[in-house]
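Notes follow once the structure below has been shown.
What follows draws every value from the coordinates through simple rules; no lab data is involved. Since we're looking at a predicted model, the values are computed, not measured. As a convention, Cβ positions derive from the backbone with ideal geometry for all residues, glycine included, and neighbour counts pool all protein chains shown.
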Amino acid sequence: MRPLWIKHAVQLVTVAGDNSPRIREGMSDLGLIEDGSVWIEHGKIVAVGTTSELEALFAERSDEADVIDATGRLVTPGLVDPHTHVAYGGSREREFEMRLEGATYMEIMNTGGGIHATTRMTREATEDELVEQTTRRLDSFLAHGVTTVEGKSGYGLDLETELKQLRVMKRLNETHPIDLVATFMGGHAVPQTYKGREEEYIDVIVNDMLTRVSAEKLAVFNDVFCEVGVFTPEQSERILEAGKKYGLIPKIHADEIESYGGAELAAKVGAISAEHLLKASDEGIRLMAEAGVIACLLPATALFLREEAARGRAMIDAGVAVAISTDCNPGSSPTTSMSLVMNLACISMRLTPAETLVAATLNAACAIGMQERVGSLEVGKQGDIVMWNVSSYQELQYLFGVNHVGSVWKKGVKVVG
Ligand code: NIG
Ligand code: FE
């Protein structure tokens with residue numbers, strides 16, 4: 001494999017520094033290098049600096065390398081999407097129409113649509129069909145500059161289908177260029193057949209599903225939808241504490257539709273991240289900052305549900321590390337566009353363009369435990385790089401609603417452009 005040498009980036013965003021989640025002013029530190037250059041060999045970054053610094057090091061080896069002239073272009077780390085439900089069957093465009101006609105998200109779910117509809121379609125799909133459908137979405141992520149993705153189960157809600165979804169992600173992690181990190185989310189909804197017997201379903205999660213998921217090493221994280229009408233904070237805590245016994249790190253869909261103590265619970269159980277947080281309380285935000293829980297904010301979901309976005313600005317000012325994500329799923333955020341999510345982080349949550357990039361790279365990597373390998377351009381990390389058709393990181397966020405991706409490299413191999 002030939003080395004890759006990118007030269008003359010008008011702005012090279014490295015996000016270099018230590019690999020812990022960035023907070024406060026740290027979220028504005030892009031480690032920006034003007035006329036920047038990066039050399040990648042055997043899939044890993046060997047040197048980062050100005051073009052003249054790297055010319056001094058590699059001038060004699062330039063014939064060996066694929067040299068890319070990034071004059072006039074912004075270059076950043078590959079984006080990281082730390083929260084998706086990417087491995088699902090089917091589609092729900094009819095529900096989109098129903099919501100526009102006045103139905104609410106929870107009404108649709110409570111009458112057998114929503115998560116239940118996707119659960120039926122995911123149960124019916126074969127493993128190969130799910131691989132095929134998920135591949136198309138992962139290809140679209142790559143085309144939007146995303147090189148690492150987290151994906152959740154939770155459209156099985158029975159042992160067999162939960163395992164099927166996780167195996168699909170394992171296969172794709174091995175075969176698709178994207179790094180795909182799996183989260184078990186048996187606690188995504190109470191299956192319709194368990195209505196009124198919620199505790200019995202939680203027994204299934206705790207006694208059957210977690211055992212198998214951990215025995216087959218199919219997931220790193222354990223997530224739960226803590227929401228009025230889904231799982232209470234007490235039930236969510238039981239699921240997350242049980243996961244911890246199997247080495248699964250907690251994550252929580254918290255305070256998405258109603259303020260329900262989800263942020264507080266994230267701090268209490270030591271979750272790596274709490275997701276959504278549209279209705280998180282001031283006290284919940286304070287406790288998250290204190291406990292070091294990363295806020296994973298999903299502004300495209302808020303837009304798609306026509307809800308007010310999470311208070312991203314206030315969270316950063318309160319000392320919470322913020323990451324952003326598409327939440328790619330068939331119901332509340334059917335998108336793979338991290339570009340749009342970055343735009344919305346600025347427009348609807350008042351993050352600055354610099355904070356937004358940190359939220360979509362290093363902090364996102366930290367939210368899925370991938371910060372030693374991806375999320376910044378530093379020696380030893382993977383050569384996951386995006387060259388954008390804009391000349392500054394501010395322009396990337398300002399020219400909104402457009403996919404500015406020029407080329408993408410994953411582990412030093414060109415995958416887009
Ligand atoms: O993160 N809120 C719960 N789960 C997903 C949506 C799932 C669906 O509607 O299919 C979310 O928004
Ligand atoms: Fe989600």
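What to note about this one:
- In loop segments of the range 92-159 as defined by DSSP, the GluC sites (Glu not before Pro) with at most 14 further C-beta atoms inside 10 Å of their C-beta are Glu101.
- Of the residues Gly113, Gly36, Gly196, the one that moves most in a GNM of the chain with alpha-carbon contacts below 10 Å is Gly196.
- Length available on full extension from Val228 to Tyr398: 0.36 nm per residue minus the Cα-Cα distance, which gives 57.5 nm.
- Counted charge near Arg22, where neighbours are those whose Cβ lies closer than 13 Å (Asp, Glu -1; Lys, Arg +1): -3
- Pairwise FRET efficiency - Glu101 versus Arg286, Cβ, R0 = 56 Å, nearest 0.05: 0.90
- Along the chain, longest interval not containing exposed trypsin sites (Lys or Arg not before Pro), exposed being DSSP loop plus at most 13 other Cβ atoms within 10 Å: 1-194
- Among residues other than Arg73 with Cβ under 14 Å from its Cβ, the summed charge is -3 (Lys and Arg +1, Asp and Glu -1).
- Of all aspartates and glutamates in the structure, the ones whose alpha carbon falls short of 16 Å from that of Lys7, not counting any fewer than 8 places away in one chain, are Glu34, Asp35, Glu41, Glu53, Glu55, Glu60, Asp63, Glu64, Asp66, Asp69, Glu378, Asp384.
- Separation of alpha-carbon centers, the range 325-373 and the range 232-302, rounded to whole Å: 17 Å
- Of Trp388, Trp39, the sequence from fewest to most neighbouring Cβ atoms within 10 angstrom is Trp39, Trp388.
- In the chain, the calculated helix contribution to ellipticity at 222 nm averages -10500 deg cm²/dmol per residue, counting -39,500 (n - 2.57) for every DSSP H run with n ≥ 4.
- Within the chain, antiparallel bridges make up roughly 45 percent of the DSSP beta bridges whose residues both belong there.
- Glu174-Arg2 pseudo-label distance in nm [points 7 Å out on the Cα-to-Cβ vector]: 3.2 nm
- Fraction in percent of alpha-carbon pairs per bin - 10 Å, the range 117-256: 12, 43, 34, 10, 0
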